[in-house]
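The values are calculated or read from the model by the stated rules, or taken from the named source; none is laboratory data. Values in this document were obtained by computation on a predicted structure and should not be read as measured data. Ideal geometry is used to build each Cβ from the backbone, glycine not excepted, and the neighbour counts take in all protein chains shown. We work out accessible area using only protein heavy atoms, side chains counted, and drop any ligands, DNA or RNA first. Shrake-Rupley method; radii C 1.70, N 1.55, O 1.52, S 1.80 Å.
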Amino acid sequence: MLDRSQPLTLTDKERIRYSRHLFLPEVGETGQVLLKRAHVVVVGCGGLGSPALFYLAASGIGTLTFIDDDEIELSNLQRQILYKINHLGQSKAKAAEKVLASLNNHITLAPIVGKVNNDTIARYLQGADCVLDCSDSFTTRYVINRYCQANRIPLVAGAAQGLQGQVMAFDFRGDSPCYECLFPQDLSANNETPAQNCDTLGVLSPLLGIIGAQQALLAIKLLLKQAPLSHVAFFDGMTLLQNTISLKRDSDCPCCAASKKG
Ligand SMILES: [Zn+2]
């Protein structure tokens, strides 16, 4: 797990590996060390988690925890780009560990075969500097949001369906809104019918890459303290237009109200 004792410098090999980051004034050696010291937790190793994990690992996030209780099926290979045909039947988290380890041997990988719920979340998200919600269930999304809101852990959530995608960032600084401000739970609860489960809906494969990569980008910006204010971006895969909207806290949001009392 997270090794906070890692040295505050980069090795010679890391300087070569991350040289294109070191050239950037927005990252540089100071920023790369921040990424090396960071612990990011990714919930869901599917269509969004695959590209997000690839880019986070390649970028040199020092500790990556990733959580999924599913096994790889043939229909996953259309979009879940971490996996190959020889991974069929294997645990997603375990297969992801093998692939990511072959990409970057300078980082710590912590796969968890499990499900995020009220009983497991504190254990699974312990020590996270940033959380990526790449799950495909409203129930899981609200559990993650509540935990991150209460513990002020920056959260980046993504969603994609058909040719439409969304990516949301909540930095939980000051009066930051939360996922539940944007999607009140009572409305969404009625929407999660079996017919709308991601297993039975279509999604255009590269859309997951666009949204998942944006989640990784936002996580890095949050870790480098260069995050924009909390916002939601809507991406249209038909027109290629993206509309980004700043978010404000909903005064009626029960999640934010609970956190205020606490
Ligand atoms: Zn809220």
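Quick notes
- Selected residue (criterion: most open to solvent (accessible area, probe 1.4 Å)) from residues of segment 147-168 that are within 16 Å of the ligand (Cβ to nearest atom) and of a type in the set (S, T, N, Q): ASN151
- Remark: GLY60 matches the filter, which requires a residue to be at pLDDT 95 or above and in contact with a Phe, Trp or Tyr (Cβ under 9 Å, 6 or more places away or on another chain).
- Within the option set VAL116, VAL33, being surrounded by 23 or more Cβ atoms within 10 Å (Cβ to Cβ) and either under 20 Å from THR140 (Cβ atoms) or more than 18 Å from the chain's Cα centre (by Cα) (or both) holds for one residue only, VAL116.
- The set of residues in segment 91-132 that are more than 21 Å from PRO154 (Cα to Cα) and of a type in the set (Gly, Ala, Ser) comprises SER91, ALA93, ALA95, ALA96, ALA101, SER102, GLY114.
- Inter-residue pairs, beta-carbon under 6 Å, first over 13 Å from VAL42 (Cα atoms) and in segment 91-109, second part of a strand (DSSP E or B) and open to solvent by 50 Å² or more (accessible area, probe 1.4 Å), 6+ apart: SER91/GLU71
- Looking across segment 8-30, the residues that are open to solvent by less than 70 Å² (accessible area, probe 1.4 Å) and among the polar types (S, T, N, Q) come down to THR11, SER19.
- In segment 30-44, the residues that are under 10 Å from ILE61 (Cα atoms) reach residues that are modelled with pLDDT of 95 or more and β-branched (Val, Ile, Thr) with C-beta atoms within less than 6 angstrom, at least six apart or across chains, in these pairs: LEU35/ILE61; ALA38/ILE61; HIS39/THR63; VAL40/ILE61.
To keep it simple, each residue is scored yes or no on (1) modelled with pLDDT under 90; (2) surrounded by 13 or more Cβ atoms within 10 Å (Cβ to Cβ); (3) away from the ligand (no atom under 16 Å from the Cβ); (4) within 25 Å of GLY46 (Cα to Cα).
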| position | (1), (2), (3), (4) |
| --- | --- |
| GLU180 | no, yes, no, yes |
| PHE183 | no, yes, no, yes |
| SER188 | yes, yes, no, yes |
| VAL203 | no, yes, yes, yes |
| ILE210 | no, yes, yes, yes |
| LEU217 | no, yes, yes, yes |
| ASP236 | no, yes, yes, yes |
| ASP250 | no, yes, no, no |
| CYS253 | no, yes, no, no |
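- Test for ASP171: is it within 15 Å of the ligand (Cβ to nearest atom), out of contact with any strand residue (DSSP E or B) (no Cβ under 8 Å at 6 or more places or on another chain), open to solvent by less than 20 Å² (accessible area, probe 1.4 Å) and not hydrophobic (A, V, I, L, M, F, W, C): yes
- Qualifying position, being among the polar types (S, T, N, Q), under 17 Å from ALA38 (Cα atoms), open to solvent by less than 50 Å² (accessible area, probe 1.4 Å) and over 15 Å from the mean Cα position of the chain (by Cα), among ASN104, ASN76: ASN104
- GLY127 meets each of the listed conditions (1) surrounded by fewer than 20 Cβ atoms within 10 Å (Cβ to Cβ); (2) within 16 Å of the ligand (Cβ to nearest atom) apart from (2).
- Qualifying residues in segment 130-146 (those that are of a type in the set (D, E, K, R) and in a helix (DSSP H, G or I)) - the one surrounded by the most Cβ atoms within 10 Å (Cβ to Cβ): ARG141
- Candidate set: segment 79-101, residues that are open to solvent by 60 Å² or more (accessible area, probe 1.4 Å) and part of a loop (DSSP other than H, G, I, E, B); chosen: the one nearest to ASN145 (Cα to Cα): ILE81
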